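I have placed the structure first, in the form of structure tokens, so that the comments after it can refer back to it.
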């Protein structure tokens, strides 16, 4: 008997059809002697709609609420109607949906009156997406004659700190409660359906886990219940050596170490956020990324015992677009303690995240990469704060660049990796603008002109023979 | 320091006795001025925000069976959680009876104490055996101390010995006779040739064993202590489910006499040495662990300091209450440091 936590993302529960498909898939595994617990996200797009609704409500315009409520109700009613054939179960689920949506309406009206949206109330509103999805999945599972029960993350026993919007689990308390509330169900072969993304403080106030939150619910359950594996069901086969839109013969990565997987978080939406991976890493539970529309594919296995192919120094390469490079120059920075810190502090205080940094030992300039949509704010802030002071003489930028990230645990200690990368790039006549490699040696990132980005990815993919043979 | 005392049995009453009789020396030597602002028993509570008259409360309890009829501030029917939430205090002392099924009411009492920002001293093994890692995490999260010296060794400072006296050393294994009742029974069987039942009856007569002695003789009580030591001293995140335990209920007199012939003796030993377990174990007669009667003994083997054994009485109201006092002084010390820094 194998104990598996299955997490289904928003696209896997986007419609009634897909939820029905999910139920069939789960039933298949349940018949094959798997003990299963399920984590579900909100229906695709619902979380975004909820965010939008909170923003409108904060402005105090109550008139949109009625229509919004109808939309949410209809979307979920429709999904339930398609996913659940049994009329009695359907009625039951529709009543549940109605009650939850009524509650949502009240909360939004409350925000309208107060014209105030705190992180606390925002989390409360966002939790409705998952809370509405879980009963439908529960109904669909009952419809295919599975024994099941549904819980919000709070009811299941996931406890976090009170950092609303980006809460962290209190893992020992959570483990204790999940063992008490969820484990007995697994022993009785009842499939618990738990809402992803949402939890509660020790006082029972609803929190959300932030980015990668639903995946994290999956790994939290996996760690607490000592699962054999955690499966993240999505709509692609797994993580790839490169974006197949750029490199048509990119290959599926069958195995990765936890560290490599964490490095790949930047590679795109289908990768796992390091925070979400953490509970699995700590308790050494393998995570598998799998495709709902192609369950025959083994997907990507992320685990500790991954046996690395020594020859494969670079495993994957990605292009990170929508970025801009800023250079700060000034001979006065040379040898002055704290001058870099001043720059980074100014950016940090203005909530501008620095993605990559490079400086030379001459210390006369520092270059860094930020998201492109923050460029104007960053420039203006830096100019106001720094220029005119002796140390800094110039702030310049380039907004037509992109970052190329290469990843592979075997880079560590292997000589000549950088040389191969940059030779391959140079052969295509591409100029490298900026380079960074941390001493962990798990990755080398560098910056090229945006127009050269895709060509650079292909050059590296080819140099390290990452393609399908 | 203001104290809420929940659970007013033998240990709780001994504590109030000690506090009322050593008030001056506490104040003089430790600058410790304990004020018990609430005492809760099964039937209600006695509450006085300025501090209860402990001699008076003790008298009421002895005469009427409950503190809830205390003339100034007696509240019949009020529950412990309400008292913990609403009465202002620095420390909650939790001495309700051990329940290893779900840890209640201790578990909820302690959690509520944390949530309302109170430091907790407990002698209740149930919540710790069931949820040790969770309780420690909650205490940290709420920035309060959780202390439980009295749960292992009674008044004998077993936990502090390992945690403080062996600081910096790495403890590789722990073996201990952790339950006085069973050790008394085994000693009686061995020395006087009594059967298990006879020895148990005698233990009951002397008040060493409870009417329902299963916590002791089935090895549950020492298993709880193994959980506490494994977590606190060795940093293992385990609960009672992870301890294999076997008691002495089925031990035959012959087993003991056989061992005696070989210069050995059988004791109920709890151990943390790779795995965690409690079971009747043969010891050499001259093993330092080999104590008789109601004594407890715990042997630590550490990386550098080698082997140390600490011996003392493992139970008793006053003994356990003295451990609570120690914990409270420790908390007072931490609090003072925090306030002055």
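Just one of the listed residues (B:236, B:267) is within 14 Å of chain A (Cβ to nearest Cβ), in contact with a helix residue (DSSP H, G or I) (Cβ under 8 Å, 6 or more places away or on another chain) and outside any helix (DSSP H, G or I), namely B:236. Looking at the range B:129-151, which of its residues are farther than 25 Å from residue B:1 by Cα and in contact (Cβ under 8 Å) with a residue 24 or more places away in the chain? Answer for the range B:129-151, where residues must be farther than 25 Å from residue B:1 by Cα and in contact (Cβ under 8 Å) with a residue 24 or more places away in the chain: B:129, B:130, B:131, B:132, B:133.
For the range A:115-136, the tally of residues that are within 21 Å of residue A:201 (Cβ to Cβ) and part of a helix (DSSP H, G or I) stands at 14.
The conditions of being modelled with pLDDT under 95, in the same structural domain as residue A:139 (by TED's automatic domain parsing), closer than 22 Å to residue A:138 by Cβ and surrounded by 20 or more Cβ atoms within 10 Å (Cβ to Cβ) are not met by residue A:16. Within the range A:146-173, can you find the residues that are more than 21 Å from the chain's Cα centre (by Cα) and in a helix (DSSP H, G or I)? Correct list: A:155, A:156, A:172, A:173.
Residues of the range B:129-149 that are within 12 Å of another protein chain (Cβ to nearest Cβ), in contact with a strand residue (DSSP E or B) (Cβ under 8 Å, 6 or more places away or on another chain) and crowded, with 24+ Cβ neighbours inside 10 Å: B:135 alone. Restricting B:270, B:235, B:317 to those that are modelled with pLDDT under 95 and farther than 30 Å from residue B:22 by Cα reduces the list to B:235. Quick check: anything in the range A:385-402 part of a helix (DSSP H, G or I) and more than 14 Å from residue A:322 (Cβ to Cβ)? Yes.
Reported count of residues in the range A:19-34, each being over 17 Å from residue A:143 (Cβ atoms) and in contact (Cβ under 8 Å) with a residue 12 or more places away in the chain, is 2.
Meeting the requirement of 1 or more residues that are within 22 Å of the chain's Cα centre (by Cα), in the same structural domain as residue B:110 (by TED's automatic domain parsing) and modelled with pLDDT of 95 or more, the strands (runs of 3 or more DSSP E) wholly within the range B:1-79 are B:2-6, B:35-41. Residues in the range A:150-198 that are more than 24 Å from residue B:240 (Cβ to Cβ) and within 13 Å of chain B (Cβ to nearest Cβ): A:160, A:161, A:162, A:163, A:167, A:168. Across the range B:112-124, the qualifying residues are those that are part of a helix (DSSP H, G or I) and surrounded by fewer than 22 Cβ atoms within 10 Å (Cβ to Cβ), and the one among them that is nearest to the chain's Cα centre (by Cα) is B:112. No other residue among B:207, B:154, B:117 is on the phi > 0 side of the Ramachandran plot and within 14 Å of another protein chain (Cβ to nearest Cβ) apart from B:117.
Residue-wise test of (1) modelled with pLDDT of 95 or more; (2) assigned by TED's automatic domain parsing to the domain that holds residue A:407; (3) part of a helix (DSSP H, G or I).
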position	(1), (2), (3)
A:194	yes, no, no
A:211	no, no, no
A:218	yes, no, yes
A:222	yes, no, yes
A:237	no, no, no
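From the list A:68, A:64, A:77, exactly one residue is surrounded by 14 or more Cβ atoms within 10 Å (Cβ to Cβ), more than 24 Å from residue A:21 (Cβ to Cβ) and at pLDDT 95 or above. Which is it? Answer to the check: A:68. So for the range A:356-365 (the condition being under 24 Å from residue A:245 (Cβ atoms) and within 21 Å of the chain's Cα centre (by Cα)), does at least one residue qualify? Yes, the range A:356-365 has at least one match. Total residues in the range B:80-111 satisfying the condition of being more than 23 Å from the chain's Cα centre (by Cα) and within 14 Å of chain A (Cβ to nearest Cβ): the figure is 1.
Of all the listed residues (A:104, A:90), the sole one being in the same structural domain as residue A:140 (by TED's automatic domain parsing), within 27 Å of the chain's Cα centre (by Cα) and surrounded by 13 or more Cβ atoms within 10 Å (Cβ to Cβ) is A:104.
Filtered by the rule that a residue be on the phi < 0 side of the Ramachandran plot and either in contact with a strand residue (DSSP E or B) (Cβ under 9 Å, 6 or more places away or on another chain) or in contact (Cβ under 8 Å) with a residue 24 or more places away in the chain (or both), the range B:44-55 gives B:45, B:46, B:47, B:48, B:49, B:50, B:52, B:54, B:55. Scanning the range B:239-260 for residues that are more than 13 Å from chain A (Cβ to nearest Cβ) and out of contact with any strand residue (DSSP E or B) (no Cβ under 8 Å at 6 or more places or on another chain), we see that the one that is surrounded by the fewest Cβ atoms within 10 Å (Cβ to Cβ) is B:254. Screening the candidates A:276, A:265, A:269, A:311 for the property of being assigned to a helix (DSSP H, G or I), out of contact with any strand residue (DSSP E or B) (no Cβ under 8 Å at 6 or more places or on another chain), closer than 30 Å to residue A:461 by Cα and modelled with pLDDT under 90 yields one hit, A:265.
The values are calculated or read from the model by the stated rules, or taken from the named source; none is laboratory data. The model shown is predicted, which means the values in this text are computed figures rather than measured ones. Virtual Cβ from ideal backbone geometry, glycine too; neighbours counted across all protein chains shown.
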